[in-house]
Amino acid sequence: MRKLLLGTAAIALGMSFTASPTNAQVSLDVSGHFKGYVSWIDQEEDVDISGDASAEEARSFDILRETEVHFSGETTLDNGLTVGIHIEADIDGSGSDFADDNFHAEETYAYFSGAWGRVNFGKEDGAAYLLQVAAPSADSNIDGIRQWVSPVNYALAGDGALAAGFLAGVAAADAELVRFDYDVALSGFDNKLTYMTPVFNGFQAGVSYTPDVTATGLTADTAAMGVNTDDVLGDYGETWDVAARYEGQFDQVGVTFGAGWSHTELEEAVTPVALGNFDDREAWNAGVDFDWKAFGLGVVYTEDDLGFEGDSDRETWVVGLDYTTGPFKLGASYYDQDVELDALNVALASQDLETDRWTAGVVYTYGPGMTFRGSISVIDHDIPTAIGDPDFDATSVMLGTQINF
C-alpha cells in the first residue's frame, strides 16, 4: 500500500514539474476567524482528591478566545493541474515555530488536484479526520468534533480531580486522556502525504501516510538538523489513515455516513512498572447524519486503544440534533466517553473513567460569516481513585461571537 501511495504522490508531483510553461503564479489570500466568548462556570468536585489545601478555585466569569489567520491560494495550469498552498497561523495558541510564543504555524501544506483526485503534502490532518462525519451540535466550537473553546479549568490545583484522578500514574503515557472532543487524528498536523479520490456518485475515499507523529519534520527551524530520529524509546512513528465517506439524497432526506481507521507504530517499547506495556496504537470511527427539511440528526462512535497492551481503550458516543429557522439554528448534543484503564496501576485497575456532557444552544447569523452564539453545558466526570469514587461536575454558560474574514 505504501508503494501505491508514494507512487501516486510522485506522479502528481511529476505532473507539476512537466506542466507546459506559463507565467502562472499562486497569489495568497488572507482569511481566518476570531472566536470570542464571555463565560460563566460553576465547577466543583464531591471529594477533594488533590491533597492541596489552597483556596484556589475556578473564576466564575472570564473571557476566552481562539483566533487564526489563514493564507491560501491556488492556480490551475494549462494542463488542468491545480496547485495550491494553505497556511494556518494560530494566534492564541501556545508553543511556537516563530519568535512569539503566542503565534505558531498550525497547518502548512501544498496540494495538487485534478480529475484524478487530490494530494496533500505537508502539515495537515489525515484522511481519517478529513472524511470523518460530525454530529450536529449546539455550538461547534464548544461541542463539535473538536472542542476549540473549553471553559472548564482542569489544571486547577485545589480542585484538580481530573489531574489527580484521570492522570494519576498515566500522565506520562497519554495526556490525551483529558480530551473531550471526538476527532480521530492520531497523527495530528504532523507532516504527511494524503491522497483523496474524486467524488464518485457521492462516494469519496482517502489514505494518508505519516513517517513520524512525534516530530515537527523539516520546518524552518529544524531543516538544518536533517531527518527525524527513528527507534526512539516510547515514541510513535509511522502512521496510516484509511477512510471513506458518502453523501447523498433520498427523496427529502439527506444522508451522510462514513468511517475511518488509523494505526500508528510504536518505535521502541518501554514498560514502566507503574503503567503497564505500551503497544502500537489504533483508532477508528463511524458516523451517520440525517437531514430532513430544517431538522438534522447524527450519531458518531469512536474507539481508541490508547496505545496500551491489554483491554485498555477509550470509547466515545455522540448524539446531536439541530433545527434551522431563518437566521437561527437551535442545537443540542449528548457526549458519552468511557475510558477503560486495564491495570495501569493499583488505584485504577479494571475501573472506568466515565464522562457525560449535555449541551444546548443557539447560533444566530447576523451577517455574512458572522454569528452570535450562546450555549449551556453540563459535564460530569466519574473518576475512580484509591481514596474513593469522586464526581467532578461543571456547569457553564457561554455567550460569544465568531467572525470569519
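Just so it is clear, none of the values below were taken in a lab; they were calculated from the coordinates. The model shown is predicted, which means the values in this text are computed figures rather than measured ones. Every residue, glycine among them, receives a Cβ derived from its backbone with ideal geometry; neighbour counts consider all protein chains shown.
Quick one: Karplus J couplings for segment 182-190, per residue in order, coefficients 6.51, -1.76, 1.60, θ = phi - 60°, nearest Hz, x for Gly and Pro?
Along segment 182-190, the couplings run 9, 6, 9, 8, 4, 9, x, 9, 5 Hz.
Considering amide H positions built from the backbone, and no H for Pro or chain starts, which residues 5 or more places from residue 106, or on another chain, come under 5 Å of its amide H?
88, 89, 90
Fewest to most neighbouring Cβ within 10 Å: what's the order for 328, 121, 308?
Lowest to highest Cβ neighbour count: 328, 121, 308.
Applying the Karplus parametrisation 6.51 cos²θ - 1.76 cosθ + 1.60 with θ = phi - 60° to the phi angles of segment 369-381, what ³J(HN,Hα) value in whole Hz is obtained for each residue in order, glycine and proline being reported as x?
Working through the residues one at a time gives x, 10, 9, 9, 9, x, 8, 10, 9, 10, 10, 9, 10 Hz.
Quick one: which residues, 5 or more positions from residue 62 or on another chain, have an amide H under 5 Å from its amide H? H modelled 1.01 Å from N in the peptide plane, none for Pro or chain starts.
39
What are the ³J(HN,Hα) couplings of segment 199-205, residue after residue, when phi is run through the Karplus curve with 6.51, -1.76, 1.60 and θ = phi - 60°? Round to Hz, x for glycine and proline.
Per residue, the Karplus-derived 3J(HN,Hα) values read 7, 10, 6, x, 9, 8, 10 Hz.
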